[in-house]
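The values are calculated or read from the model by the stated rules, or taken from the named source; none is laboratory data. This one's a predicted model, so the numbers in the text were calculated from it and none came from an experiment. We place every Cβ from the backbone using ideal geometry, glycine too, and count neighbours over all the protein chains shown. What goes into the accessible areas is simple: the full protein's heavy atoms, side chains included, and nothing from ligands, DNA or RNA. Shrake-Rupley method; radii C 1.70, N 1.55, O 1.52, S 1.80 Å.
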Amino acid sequence: MSRHESPDITGAMTVDVEDYFQVAAFADRVKREDWDNYPCRVERNVDRILGMFADSGVTATFFTLGWIAERYPGVVRQIVDGGHELASHGYEHIKVHSQTPESFRQDIRRTKAILEDIGGQRIKGYRAASFSIDQRSLWAFDILAEEGYDYSSSVYPIKHDHYGMPEASRFTYRPSDRHTLVEVPISTLALFNRNLPSGGGGYFRLLPYGVSRWALRRIGERDRRPAIFYFHPWEIDPDQPRFDDVPFRSRFRHYVNLSTMENRLRAVLRDFQWDRMDRVFPSSDCGEECQETLTATSTSAA
Ligand SMILES: [Zn+2]
């Protein structure tokens, strides 16, 4: 066997399907009503990702914006035709804690209907824009369950200036005993009494690949849990149109190491085993640990 990392634990590979002008870091610069004016890059980038996955024999979960699906239904059909899981990233990338419970319900209902209509498969999963289910928006779990979602992957149990709920469980848990919805948090590494992000995103581009590989390996070996990895189509696209008039910090986070990302991804696809969320974490198989953590992060809001 050529794969040398914890071959018995298959992790979940995920892609958040949004374009370079829709990211939270540029939200002050790019108005939502102007999105249609920006050149689209998501079609060619998803196409390349599907090629990389096919080369590695990996199937994955694509959390897709309703806004993208409506405009580029061919992208959605290509994802489904490749044997991948289609899931919801909300309609237009609005953070959960800046929505009301009622507007959130409308958003996830509308997006689920759009994706199911185009993709022809039931939508089971949801990922919030910018991991925006936190202490301000725990009510979202109940609404997701009521609207027919089986799982969420919307909590990042780290400290970060834009998102995160560092006190939340690092592993799959049931947020409420009122329903069976599970939350599957992005992978972190527990080190020096902190949870360090180790499941993709900007950190994966910034840190040397060897560090990320070590962290992912440790989650398999120490925690004996599947890793959950995420990235975006614009992260493999160094030729995307640039915004030079945004704060340095946002620019750095968005543009650092875009040109080496594809090679890093190929390495992570080669060094570990990956599959779709709904296969790695079947919701009927939450396990004992779900029950153990149930009370720790139980929602109080109804
Ligand atoms: Zn996103």
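Hey, what did the chain get for relative contact order, percent, Cα under 8 Å, at least 6 apart? The normalised contact order for the chain reaches 25 percent. Computed from the alpha carbon atoms alone, the convex hull of the chain holds 127 Å³ per residue. The convex hull around the C-alpha trace of region 1-148, projected and averaged over every direction, spans 10.3 square nanometres. Solvent-accessible surface of the chain, averaged per residue with a 1.4 angstrom probe and all protein chains in place: 43 square angstrom. Other residues with beta-carbon under 13 Å from the beta-carbon of Asp239 carry, at +1 per Lys or Arg and -1 per Asp or Glu, a net charge of +1.
Using a Gaussian network model of the chain whose springs link C-alpha atoms within less than 10 Å, name the residue from Arg44, Arg249, Arg105 with the highest mean-square fluctuation. It is Arg249.
The helix-based estimate of mean residue ellipticity at 222 nm for the chain, built from -39,500 (n - 2.57) per DSSP H run of four or more residues and divided by its residue count, is -10000 deg cm²/dmol to the nearest 500.
In this rough spin-label picture, where each label sits 7 Å from Cα along the Cβ direction, the Gln106-Arg136 distance is 2.0 nm.
Between Ala54 and His179, full extension at 0.36 nm per residue minus the direct alpha carbon distance yields a gain of 41.4 nm. When the square roots of the Cα gyration tensor eigenvalues are ordered a ≥ b ≥ c, the ratio a/c for region 103-165 is 1.5 or more and a/b exceeds b/c, which makes its shape prolate. Taking label positions 7 Å along the Cα-Cβ direction at both Asp47 and Arg225, the computed distance is 3.9 nm, reported to one decimal. Rolling a 1.4 angstrom probe over the chain with all protein chains present gives an accessible area of which 47% lies on carbon and sulfur atoms. With N as its number of residues, region 119-214 has a Cα radius of gyration that, divided by 2.2 N^0.38 Å, comes to 1.16. If the segment from Asp245 to Ala267 were pulled out straight at 0.36 nm per residue, it would be longer than the present Cα-Cα gap by 4.6 nm.
Each semi-axis of the equivalent ellipsoid for region 190-279 is √(5λ) with λ an eigenvalue of the Cα gyration tensor; in descending order they amount to 26, 16, 11 Å.
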